[in-house]
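Undergrad: Shown below is the structure under consideration.
The values are calculated or read from the model by the stated rules, or taken from the named source; none is laboratory data. What you are looking at is a predicted structure, and each value in this text was computed from that prediction instead of being measured. All Cβ positions, glycine included, derive from the backbone under ideal geometry; neighbour counts span all protein chains shown.
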Amino acid sequence: MATAKLLYRRLDALFGSLKTKRPQSKLIEGFVEDALANLKDDLRLRAGLVYAERRDNFALVKSLGEPGTPVAETLDAALAPLAELAKHRVYIFSSPEAAGSPQQLGFLPKGAAAGLIVGQRPLRYAILFLLADGWQLEELDFALNTIRASLDARLVDARVRGSFREATEIQQSLLVEEPPAFSGFELAARSLPAEEVGGDFYDFHDLGEGTLGIAIGDASGHGLPAALLVRDVVTGLRMGIEKELKVAHVFEKLNRVIHRSRLSSRFVSVFYAELERDGNLVYVNAGHQPPILFFRERTPGKVCDIELSNGGTVIGPLPEASFRRGFARLHPGEVLLLLTDGILERRDKNGEFFGDDRVRAVVREQQAQSAETILTKLFDAALAWGDGRSWEDDATIVVVKRTAAN
């Protein structure tokens, strides 16, 4: 018989060969098949059965080896053997004659059996092994508990990867690939998540009649919760703005919706503006890093830029919040910069932030260039400031430059 150490090595080799990107059911079925082939003699296994949880029972999805006689196609989840598995996660039915055993209940052939259950409701799998003569309790118990723990860990890992894939798809579906054409203006936008999925977003709304809606935001956190929060905010803005065209009112209504959701412990900062072809801009800033409007004049002693900060608090934490509009105007040659704090809070090796002054210096130096060039130079400067390291936080920039009078 195999020693515990040898069993562990063989089990480790089996798990090392698992293709965890397969669907859960195929992963489980494939593992049981490999386990039966490689551990049959060591653990005295003669057959393996995989049952997948359905609404009110477990259905047979795979039968391997030599059961000897037909086995049950479905198992009632309320039956004693399934209840024991659900309670202990691993159970050895060593007495086929015992009342309530799977053998006495008629859904397994005569002889000893053992089982384990993996996964979480409503996607659990019951794995039953039929045992040949000569099996050893300690070795079998060790092996089944190792299998259960490892399979559960891999199923959790698969769910996490699935959540990230889902979050990535949500985020990619929200971000427009290219800013729309808007006569008399150049637009450039880019968003880089610090992790696989971030909480930053930008958006553009064609409102018709020579008006373009522009949004940028930063949801707290990362991953699927942040992606879902961003989805709700972007969808709410698109629907509300198109319907009502009253920016402050839309933000108040959106805040109430987000606050009442299960994500109310999170928040999102949003800046939204409506830009007209003549350069007039109406905006609401809901707790976001203030965008900067760079004037064309650079006369010493005069103001070269202003921050667009009128609005209100971030969206989500408070049940009621009020917002006010702000107004600005872009003249030919002027640049509006929208960004998230991932740019400003980029650190160098000494922990110093890239900061507001450096952002302004880069834009002023490049103001005569195209919107795309300004955006690229700003990203390059912030990346270099951090010595090319990965981004510590999501980084998003939108550049709007007025090129001609209309």
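Undergrad: Are any of the residues in the range 315-322 under 21 Å from residue 189 (Cα atoms), of a type in the set (A, V, I, L, M) and not in a strand (DSSP E or B)?
TA: Looking for residues that are under 21 Å from residue 189 (Cα atoms), of a type in the set (A, V, I, L, M) and not in a strand (DSSP E or B), one finds none in the range 315-322, hence no.
Undergrad: Which members of the range 86-105 meet the condition of being over 25 Å from residue 119 (Cα atoms) and at pLDDT 70 or above?
TA: Result: 95, single match.
Undergrad: Okay, moving on. For the range 318-342, what are the residues that are over 16 Å from residue 400 (Cβ atoms) and surrounded by 17 or more Cβ atoms within 10 Å (Cβ to Cβ)?
TA: The answer is 321, 323, 341, 342.
Undergrad: Given the conditions (1) surrounded by fewer than 13 Cβ atoms within 10 Å (Cβ to Cβ); (2) of a type in the set (Gly, Ala, Ser); (3) within 19 Å of residue 193 (Cβ to Cβ), which single one is not true for residue 405?
TA: Answer for residue 405: the failing condition is (3).
Undergrad: What number of residues within the range 24-61 are buried (at least 18 other Cβ atoms within 10 Å of the Cβ) and of a type in the set (Ser, Thr, Tyr)?
TA: Count: 1.
Undergrad: If you check every pair at least six apart or on different chains, which have Cβ atoms under 6 Å apart with a residue in the range 62-75 that is touching a residue at least 24 places away in the same chain (Cβ under 8 Å) first and a residue that is acidic (Asp, Glu) and not in a loop (DSSP other than H, G, I, E, B) second?
TA: 62/29; 64/33
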